[in-house]
Every structure is written in C-alpha cells, then in structure tokens.
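Undergrad: Just dropping this structure here.
The values are calculated or read from the model by the stated rules, or taken from the named source; none is laboratory data. Model, not experiment: these values are computed from the prediction. Methodologically, a virtual Cβ is constructed for each residue, glycine included, from the backbone with ideal geometry; neighbour enumeration extends over all protein chains shown. Calculation scope for accessible area: heavy atoms of the full protein, side chains included, ligands and nucleic acids excluded. Shrake-Rupley method; radii C 1.70, N 1.55, O 1.52, S 1.80 Å.
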Amino acid sequence: MANQRFEKPTGTQDILPGTVEKWQFIEQKARELCRRYNYHEIRTPIFEQTELFERGVGETTDIVEKEMYTFKDKGDRSMTLRPEGTAGVVRAYVQNKLYGEPDVTKLYYIGPMFRYERPQAGRYRQFHQFGIEVFGSSDPAIDAEVIALGYSFYKELGLQGVKAEINSVGTPAVRAAYREQLLAFLTPMKESLCAYCQSRMDRNPLRVLDCKKDQDKFGGAPSILDSLDEECSVHFENVKSYLDAMGIEYEINPRLVRGLDYYTHTAFEFKAQGIGAIDTVGGGGRFNGLVGEIGGPDQPGIGFGIGLERIQLILEHQQVDLSGMQPLDVYLVALGEAAEREIVKIIYDLRSRGISAERDYLGRKMKAQMKSADRLQARYTAILGDDELARGEIAVKSMETGEQRTVKLEELYREFM
C-alpha cells in the first residue's frame, strides 16, 4: 500500500538520542562494577530452543505458560525469543564446558529480553536486563557477594531507599514438605481466592504467595523458614552474617519465592522506595540444580537479573541527574571554498585524536551554523576563512565565555585536549 505509515510494535520503544546516553551511562556503570568484582561478559543468542526455557524456567511459571514469544523456524523447530537471561547462560556454560575451568566462573550480560505481557510503566514486551551468574561454588559468601554487587549498582547510580529482601526457599526436599503445610493452610480458602491462585494451588502452591490481589488473606500462612533443615538454616544464617559484615541493608521476607522454578536456598529481591506499585527493581537467587537439569554436571549457581527500564523509571522519579548528551568539543565553521576543503582534513584529524567535532553539511549561513553549535552544546567553535587559511591560522571561540583567540592550524588540537 502506497504511503503506508509504520509504527513500532506494541510494548516496544525507540530509545532516541538524548535518552540513549542515559542508557549508556547505566550500562557503563554495570560494566565497571563487574570489572571490579572480576565478572566477565558473556553474549548469548536472543532466541533458543523452546525446550530450554520450558526445562530451565519451569513449565508452571507465568513466563512459560503465557508470556513467551515462540515460533517455528524453517526447519519446523520450535524456537523462543529469550524471556530471561539465566537459561541461555547456563546452556552456554554447559555447551562450552566452562565447568572445566579451575576457578569459579563469574559472568555478566546486558541485553534485550522478550515477554508478551500487558505493557505498563517500566514494563515492555522487549525489555533490557543486566544480570550476573556465578557457577561452581556453594559458599554462602558468594550469595552475599552477588547481593552486594546488585546493591552497589543501585547505590552508585544514586538511587535512594534501596534495600534487599531475602529468603531461603530451601532444597526440593524442604519445599516438598513445606508444600503440604501450605496446601493445608490454603485449601479451606480456595474458593475465595482469585482464579490464578486456584490454578497455582494445583501445580505450584508456593507461587500463590506471590499474588498481589489476595495478599491480605495470607497473614497466617506457615513460613518456609520454619521448614528448613539444618543445612539450609546454616547456609541462610551465614548469608545474613556476611551481609551484616558488609553493611548491606536487608529485610527477611519469608513469602518471597520468586517467579521461577529453579531457585534453591537463597532468594532475594531489590526494592526501591517511592514508585508506587512498581517497587521491585530486580532480583535473583541460587539455582543449584539447574546446570544438571540442562544437561551439564551437577554444579551450583547463583545470579540476578535487573530490569534497566525500571531503573530508568526510578531514576526519573527520584530526579537523579544522569549524564545526558555529552557536549561537543568543537564545531567547525568554514567561510570560503578553500576553507571548506581544508575543514574536511581538519575535522578528520581532530576526530582521529579523540576529539568530538562537527561541521555544517547543509550550506547554511554562519549565523545558522552558530545556532547549531549552541544546540549541540559545543564547548568551542573554530572559524576558518580563506584569509586565515592562507596565514595557517584559525579563530577559536569559547561558547561559555565568548572569548576568541587565534591559534596555529597545526596546534588546533591542543586547544581541546
């Protein structure tokens, strides 16, 4: 159809200049923090075999049941756009035999994820996550380190009121025993619960405690912490003692079970104050059985995922000033044909030396070019006319003070270093 108008798909966003620089700031903070903690980046495909997520995330989760973007490829294989990062990283860890390394494997990722859900503030169908995964250690100190890294990420971005909520979801054996206690509590009220809760009771009753609609009915629910065996209790106590030693703010939330089936022992979420219903900004936990479930050797693991859209929302709400567009070092103005040709060489030389530079490509008058330099927040303008070129000189003007001086062309770059 001629002149058809196209729009972005529902639940996606165009991240435009002026905003993308804020994303770059956040991503750079994540990379720098991971460097300090000795985590290394991994990049996995944005689509994988559907079965990977069914086995890795859990068939009774909302993600697998309702939210995955699944399609058949030309080989009639079922593929899914990744709805979360952990399963793909575990697959890569197993397939590439990273478990053969002598040290603990510490990885991080930053990239897009995809879930088909109702778009709302801070929640998109294509969204972005920063996540870390650690393989090969059951030490509760690594649990505390993972929580500390996430906590530090928020604090160094300048977020206020950040805290961690932690819980222990035990082992599969512990959860099986707790499941019976929880069902005994929930069954008498089943008919009064929402449809989702009733469905979850039959398949994964621990997820009932996640329900926001029926929270007021769960005040007397048994706590999973009372069902922990000695090993789980000791592990959880050690995690808390390490967090205390680092001064990490946390609260114990015995109803925190997370939305994925693979968690064992430590589960945690990060909360930020002052954004209404959207107060969970990231979370994770230990997944000691997941590597084996996806075909690898029995290796413990722990990690978290942090939604970058929610970070942006909270930063905006709390009026945290991130670095936006970086000012341009210099805007070059050419007056005359010979100067126009020379400017091409000069701007290339400046950029090659690491200096940000721009010029006019629209044939505008000098006044319009100076307005463009102002819009680009240029620190300086450099004006070259044919007469100045003949003398090997160029006029440099400070856009902040208005001061103007003449410098040698071959020394121009020194003005911006």
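Undergrad: Going by the structure shown, is Glu191 at pLDDT 85 or above and among the acidic types (Asp, Glu)?
TA: no
Undergrad: Restricting attention to segment 348-378, and to residues there that are over 36 Å from the mean Cα position of the chain (by Cα) and of a type in the set (A, V, I, L, M), which single residue is nearest to Val396 (Cα to Cα)?
TA: Among residues in segment 348-378 that are over 36 Å from the mean Cα position of the chain (by Cα) and of a type in the set (A, V, I, L, M), the one nearest to Val396 (Cα to Cα) is Met370.
Undergrad: Within segment 385-405, work out how many residues are surrounded by fewer than 13 Cβ atoms within 10 Å (Cβ to Cβ) and over 16 Å from Ala334 (Cβ atoms).
TA: Qualifying residue count for the region: 6.
Undergrad: What residue, of Arg115, Arg77, is in contact (Cβ under 8 Å) with a residue 24 or more places away in the chain, open to solvent by 70 Å² or more (accessible area, probe 1.4 Å) and of a type outside the set (S, T, N, Q)?
TA: Arg77
Undergrad: Report, by residue number, each residue of segment 385-417 that is of a type in the set (A, V, I, L, M) and part of a loop (DSSP other than H, G, I, E, B).
TA: Within segment 385-417, Met399, Met417 meet the criteria.
Undergrad: Just checking, which of Phe130, Phe47 is buried (at least 21 other Cβ atoms within 10 Å of the Cβ) and among the aromatic types (Phe, Trp, Tyr)?
TA: Just a single option satisfies the conditions, and that option is Phe130.
Undergrad: If Gly161 passes every condition in (1) of a type outside the set (A, V, I, L, M, F, W, C); (2) at pLDDT 95 or above; (3) open to solvent by 10 Å² or more (accessible area, probe 1.4 Å) but one, which one does it miss?
TA: Only one criterion in (1) of a type outside the set (A, V, I, L, M, F, W, C); (2) at pLDDT 95 or above; (3) open to solvent by 10 Å² or more (accessible area, probe 1.4 Å) is unmet by Gly161, namely (2).
Undergrad: How about segment 368-384: which of its residues are open to solvent by 50 Å² or more (accessible area, probe 1.4 Å) and not in a helix (DSSP H, G or I)?
TA: Result: Leu376, Gln377, Arg379, Tyr380.
Undergrad: So which residues in segment 312-353 are of a type in the set (D, E, K, R) and not in a helix (DSSP H, G or I), if there are any at all?
TA: Asp321, Asp329, Arg353
Undergrad: Quick check, is Ala173 outside any loop (DSSP other than H, G, I, E, B) and open to solvent by less than 50 Å² (accessible area, probe 1.4 Å)?
TA: Judged against the criteria, Ala173 is not a match.
Undergrad: I would also like to ask the following. Being open to solvent by 20 Å² or more (accessible area, probe 1.4 Å) and closer than 20 Å to Arg31 by Cα narrows it down to one of Glu145, Glu84, Glu54, so name that one.
TA: Glu145
Undergrad: List the pairs whose first member sits in segment 171-200 and is over 19 Å from Arg286 (Cβ atoms) and touching a residue at least 24 places away in the same chain (Cβ under 8 Å), whose second member is open to solvent by 70 Å² or more (accessible area, probe 1.4 Å) and assigned to a helix (DSSP H, G or I), and whose Cβ atoms are under 8 Å apart, counting only residues at least 6 apart or on separate chains?
TA: Taking only residues 6 or more apart or on different chains, not a single pair turns up.
Undergrad: Among the residues of segment 351-367, is any among the hydroxyl-bearing types (Ser, Thr, Tyr) and either touching a residue at least 12 places away in the same chain (Cβ under 8 Å) or surrounded by 15 or more Cβ atoms within 10 Å (Cβ to Cβ) (or both)?
TA: yes
Undergrad: Something else now. Name the pairs: first residue in segment 388-403 and more than 18 Å from Arg341 (Cα to Cα), second residue assigned to a loop (DSSP other than H, G, I, E, B) and open to solvent by less than 40 Å² (accessible area, probe 1.4 Å), Cβ to Cβ under 6 Å, at least 6 apart or on different chains?
TA: What qualifies is Met399/Ala378.
Undergrad: Can you say whether Gly303 is at pLDDT 95 or above, touching an Asp or Glu at 6+ places or on another chain (Cβ under 6 Å) and either under 30 Å from Glu316 (Cα atoms) or open to solvent by 40 Å² or more (accessible area, probe 1.4 Å) (or both), as far as the supplied structure shows?
TA: So Gly303 passes the test.
Undergrad: Name the residues in segment 93-123 that are closer than 24 Å to Leu33 by Cβ and of a type in the set (Ser, Thr, Tyr), would you?
TA: Tyr93, Thr105, Tyr108, Tyr109
Undergrad: Got a sec? Which of Tyr178, Tyr262 is assigned to a loop (DSSP other than H, G, I, E, B), within 28 Å of Ile294 (Cα to Cα) and either in contact with a Leu (Cβ under 9 Å, 6 or more places away or on another chain) or open to solvent by less than 50 Å² (accessible area, probe 1.4 Å) (or both)?
TA: Criteria check complete, one pass: Tyr262.
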